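First up is the structure itself, then whatever we jot down about it.
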Amino acid sequence: MKHIIWDFNGTLLSDAQLGVDCDNYVFDTLGLERITLGDYRAHMTMPVRDFYTSLGVDLNIYKYETISRLWLDRFNQYAVSVGLVPGALDTIARLKKKGFTQSILSASYEKSLTEQCEALGLAPYMQEISGLGDESAQKKTDIGRAQMERLGLRAKDCVLVGDMVADSELADHLGTDCVLVPWGHNSEARLERTGRRVARSLGELEEILINL
């Protein structure tokens, strides 16, 4: 394994609680029932539209475009302030010193993603930071394949690190290895059911990556 493809939200950015807070801000605005972090991790999925329907939100009444706009505006106000997962930048720096190349692959809008990565000190360590070209529902798989092609990466030389069941599915589509972390947007129990390795600390994650 030579190259690490990092998911951003939940994996590097410590934003799970912020995601819940943004949802509750939207739900308060629309008069819907609030959720907890446990609810969020139990239901959060991709595409995000399915997350809201799994919570019982009627998207014929509460338009997804309205929810998404309210959520994004709120999230982007606070994303940088929540910071990275403690120790994430040090881990990335050590992996770079050990000779691994690294990139970020996200379903976030690329302009906002790049600004956040630069503000948080991630950009100097990354060969590329890839996200959506706009705020549409473009497939993360397509973005990932394009990134790998631009960087000249072979799937067998890459590992994807993510925090959701969707990241395991993405790795299947890309043909890469995958390690999952339980401090993000999906519960540990859901991640374990994928059959993937689950690293419960950054130290454990670093050890797994070095020994792949």
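Annotations for the structure displayed:
- From Tyr40, Tyr62, residue being farther than 20 Å from Leu113 by Cα, among the aromatic types (Phe, Trp, Tyr) and open to solvent by less than 60 Å² (accessible area, probe 1.4 Å): Tyr40
- Qualifying residues in segment 93-145 (those that are under 14 Å from Met46 (Cβ atoms), touching a helix residue (DSSP H, G or I) at 6+ places or on another chain (Cβ under 6 Å) and among the polar types (S, T, N, Q)) - the one most open to solvent (accessible area, probe 1.4 Å): Thr141
- If you go through segment 176-212 and pick out every residue that is open to solvent by less than 50 Å² (accessible area, probe 1.4 Å), of a type outside the set (S, T, N, Q), in a loop (DSSP other than H, G, I, E, B) and closer than 21 Å to Pro47 by Cα, you end up with 4.
- Test: residue in segment 1-13 that is open to solvent by less than 60 Å² (accessible area, probe 1.4 Å), over 18 Å from the mean Cα position of the chain (by Cα) and at pLDDT below 95: yes
The values are calculated or read from the model by the stated rules, or taken from the named source; none is laboratory data. The model shown is predicted, which means the values in this text are computed figures rather than measured ones. In this analysis, Cβ positions are derived from the backbone assuming ideal geometry, glycine residues included, and neighbour counts consider all displayed protein chains. SASA here: full protein model, heavy atoms, side chains in, ligands and nucleic acids out. Shrake-Rupley method; radii C 1.70, N 1.55, O 1.52, S 1.80 Å.
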